[in-house]
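All remarks here apply to the structure that follows.
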Amino acid sequence: MHNLKKIVAAGAAVATLVGLAACGGGSDTASDNSANKGDADKASLVVWGWDSGNSMKDIVKAFEKANPGITVKFNNTGTAEKTSTALTNAIAAGNGAPDAVMLEDPTVTQFAVTDGLVDLTAYGADKLSDDFAAGPWSKLQYNNKPYALPIDSGPEMFFYNKAVFDKAGVDGESIKTWDDYYEAAKKIRATGSYITNIAGTSNDYQPFTAQTWQAGAKPWTVDGENITINMTKDEGMQRYIKFVQKLIDEDLIDTKTPNWSDDWNRELNDGTLASLTIGAWMPINLMTGAPDQAGNWRVAQLPQWESGKEVSAEDGGSALAVVKLSKNQAAAYKLVEYLTHGDGAQTMADTGTFPSLKKILQSDSFTDPTTEANKKTNDYFGGQNVNQILAEAAQRPTEKFQYLPYNPYAQSTYGDEVSKAYTKEITLEQALENYGKKLAEQGEQQGYTVTVK
């Protein structure tokens, strides 16, 4: 199979950022990592990524001071989608790629499969597994080898509006299982509110993967060039489908309001939506999107499918990888390690990134309720020590889960089929079966051998 076919098929036909990094990656497609290692202590690096915490300038400056032989040019590529598209096209062209790149966690596999990233085992990255939270670490593995190091994490959490729950006679802290959640949903609906919303749009793709992940589902498996799609017969998928279908049939969830819409924020702000299962990065979004509910919202651990278990899953996250085309791979890895595992990781955490590094998650400073940032968040959440609860979730065990090597396509087309279940045109099982067929067709078009169960 030709990897170039997959690379081109995985990308969108849009303008790229190749010109920004003409001095970055090499102009050939050498497949031998050792030929491109370069000097670990002397290089001019180009990095692509986004800078949501506005901290990259200071981090790069500190790295260059600690590594005087290395200079770094950070190109802010704006969004994860633009970054991955630009990288796809640069790799296909064989030049203009950066030395290191920031990617959304689920996208890493796509570039690992198509031989666009460096297997970081050569630099000892595989020995760092115990230093990171299990969820984000597991998403960056391909053939049991790390192809990126995690920047942050997004353990799925249970956020709920205590005022609405109290009105319904529901103790949010007592919701330990999804069966408990279902019983709570009925009581909350009786008050006129909904326990949550699911509209089945593309914005629901990440929560969908997180919740099926936690259920132990394997909607797809990737084994080299072989892909198996099992959207409805897998045991974990059946568990998820039956539960969500029950919520749809009994009108226990708002199926009309999509995530991240103006209506969504309005309903969170007026109490129409009483809870969310979403990533640990959500607090700041609630604080800005639902200001009238200050003091009412709380955060708790995700309900479990089996009582007594403590299984988590990831919703979102980003990582840094070394690009295969780079002629400065050793120096690029040194930067990646610094940003994710070294001093740079602390700076990112200090500027709002939810960390994946255990030593930060377990540090007193991260959970200190007296810091200005923590105090503001804790006040909004009724005095809870929010980071302490989030940090506990980030360190919970996770089931094994894979993403498809064409994850951007899987996300963009999710709503095309799945939304029909939430408008009650078809059942969720039928919608996911149709979605699985589209995923299989895409895989076959890219040259994979696909089996549908």
Taking the alpha-carbon centroid of each part, what is the distance from region 345-386 to region 419-453 in angstrom?
-> 40
By how many degrees, 0 to 90 and rounded to 10, does the Cα axis of helix 329-340 deviate from the longest principal axis of the chain?
-> 30
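What does the helix-only formula give at 222 nm for the chain: each DSSP H stretch with n ≥ 4 adding -39500 (n - 2.57), the total divided by the residues, and the result rounded to the nearest 500 deg cm²/dmol?
On the way: 19 runs with 188 residues, N = 453.
So the calculated ellipticity at 222 nm is -12000 deg cm²/dmol.
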Kindly express, to the nearest 10 degrees and within the range 0 to 90, the angle between helix 428-445's C-alpha long axis and the longest C-alpha principal axis of the chain.
-> 10
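Counting only protein heavy atoms and a 1.4 Å probe, tell me what percentage of region 341-393's accessible area is made up of carbon and sulfur. Numbers along the way, then the final one.
On the way: 1200 of 2570 Å².
Roughly 47 percent of what the probe reaches on region 341-393 is carbon or sulfur.
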Nearest-10 value in Å² for the accessible area of residue 166, using the 1.4 Å probe = 80
Dividing the alpha-carbon radius of gyration of region 277-427 by 2.2 N^0.38 Å (N being the number of residues), what value is obtained?
-> 1.28
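Find the percent of Cα-Cα distances in region 250-308 that exceed 13 Å, and round it to a whole number.
On the way: 1116 of 1711 pairs.
Taking all Cα-Cα pairs of region 250-308, the fraction more than 13 Å apart is 65 percent.
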Note to self: with every protein chain in place and a 1.4 Å probe, region 319-414 gives an accessible area per residue in Å² of 39
How much of the accessible area of region 227-336, in percent, comes from carbon and sulfur atoms when a 1.4 Å probe is used?
-> 45
Charge sum, other residues only, whose C-beta stays under 13 Å from residue 126's C-beta, Lys/Arg counted +1 and Asp/Glu -1 = -2
Pair-distance profile P(r), taking every C-alpha pair of the chain, with 10 angstrom steps and integer % | 4, 21, 30, 26, 15, 4, 0
Degrees between helix 235-249 axis and first principal axis of the chain (Cα, 0 to 90, nearest 10) | 50
With a 27 Å threshold on alpha-carbon distance, the violating pairs from 65/375; 162/400; 233/424; 309/438; 145/358 are 65/375; 162/400; 309/438
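The values are calculated or read from the model by the stated rules, or taken from the named source; none is laboratory data. This one's a predicted model, so the numbers in the text were calculated from it and none came from an experiment. Ideal geometry is used to build each Cβ from the backbone, glycine not excepted, and the neighbour counts take in all protein chains shown. Note: accessible area is taken over every heavy atom of the protein model, side chains too, but ligands, DNA and RNA are not part of it. Shrake-Rupley method; radii C 1.70, N 1.55, O 1.52, S 1.80 Å.
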